[in-house]
1. Scan region 19-46 for residues that are touching a residue at least 12 places away in the same chain (Cβ under 8 Å), assigned to a helix (DSSP H, G or I) and surrounded by 14 or more Cβ atoms within 10 Å (Cβ to Cβ) and jot them down.
2. What residue, among those in region 48-57 that are closer than 15 Å to residue 20 by Cα and of a type outside the set (S, T, N, Q), is surrounded by the fewest Cβ atoms within 10 Å (Cβ to Cβ)?
3. If I ask for residues that are closer than 21 Å to residue 9 by Cβ, open to solvent by 90 Å² or more (accessible area, probe 1.4 Å) and modelled with pLDDT under 95, which ones from region 67-96 would you list?
4. Being of a type in the set (S, T, N, Q), modelled with pLDDT of 95 or more and open to solvent by less than 20 Å² (accessible area, probe 1.4 Å): is that true of residue 101 here?
5. Among residues belonging to region 50-66 that are of a type outside the set (D, E, K, R) and under 14 Å from the mean Cα position of the chain (by Cα), point out the one that is farthest from residue 12 (Cα to Cα).
6. Given (1) assigned to a helix (DSSP H, G or I); (2) touching a Pro at 6+ places or on another chain (Cβ under 9 Å), where does residue 49 come up short, assuming only one miss?
7. Mind listing whichever residues of region 7-18 are surrounded by fewer than 17 Cβ atoms within 10 Å (Cβ to Cβ) and either closer than 19 Å to residue 46 by Cβ or not aliphatic (A, V, I, L, M) (or both)?
8. I need a count of the residues in region 108-125 that are at pLDDT 95 or above and either part of a loop (DSSP other than H, G, I, E, B) or more than 19 Å from residue 61 (Cα to Cα) (or both).
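The values are calculated or read from the model by the stated rules, or taken from the named source; none is laboratory data. A quick note: this is a predicted structure, and the numbers were derived from the prediction, not measured. Because the Cβ atoms are built from the backbone with ideal geometry, glycine has one as well, and the counts that use them run over all protein chains shown. Ligands, DNA and RNA are stripped out before the accessible areas are found, and what is left, the full protein with its side chains, is counted by its heavy atoms. Shrake-Rupley method; radii C 1.70, N 1.55, O 1.52, S 1.80 Å.
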Amino acid sequence: MEEQVEMVGRAFVEHYYHLFDTQRSSLSSLYHQSSMLTFEGQRLQGVDHICFKLNHLPFDKCHHLISTIDTQPSSSAGGIVVFVSGSLRLAGEEHPLRFSQMFHLMPTLQGSFYVQNDIFRLNYG
């Protein structure tokens, strides 16, 4: 069970950040109407609000470099908690920004997962 949770978490992280860095508008397929995002303290709910925020960030090109991925099964039926730390390199910027992000993934009836909860923070200092 733990191996499967880790495998799903790592595959999700790879997929999510690949889409974010190359086709950000495609992230909408990973969220539902009940999904929630807290982005630097701003709380958003629903796929439309979340994707509007992610697609209108003040940068177009970026590249995520993942440092750590931690996963746990959640007590919710088949859910997985994923915690990611890494750095974000923005086009034209010399220094990368450190970040942390937490996802709570929930299973779909089709056998895949969607993001129920997403919390993102830049790490300063």
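1. 20, 21, 24, 27, 28, 30 - these are the residues of region 19-46 that are touching a residue at least 12 places away in the same chain (Cβ under 8 Å), assigned to a helix (DSSP H, G or I) and surrounded by 14 or more Cβ atoms within 10 Å (Cβ to Cβ).
2. The qualifying residue surrounded by the fewest Cβ atoms within 10 Å (Cβ to Cβ) is 56.
3. Listed by number, the list holds a single entry, 75.
4. Judged against the criteria, residue 101 is a match.
5. Applying the filter and picking the extreme gives 55.
6. Status for residue 49: all satisfied but (2).
7. Going through region 7-18, the residues surrounded by fewer than 17 Cβ atoms within 10 Å (Cβ to Cβ) turn out to be 7, 10-11, 14-15, 18.
Selection gives 10, 14, 15, 18.
8. First, pick out the residues of region 108-125 that are at pLDDT 95 or above: 113-123.
Imposing the further condition that a residue be either part of a loop (DSSP other than H, G, I, E, B) or more than 19 Å from residue 61 (Cα to Cα) (or both) reduces the set to 113-119, 123.
Total satisfying the criteria: 8.
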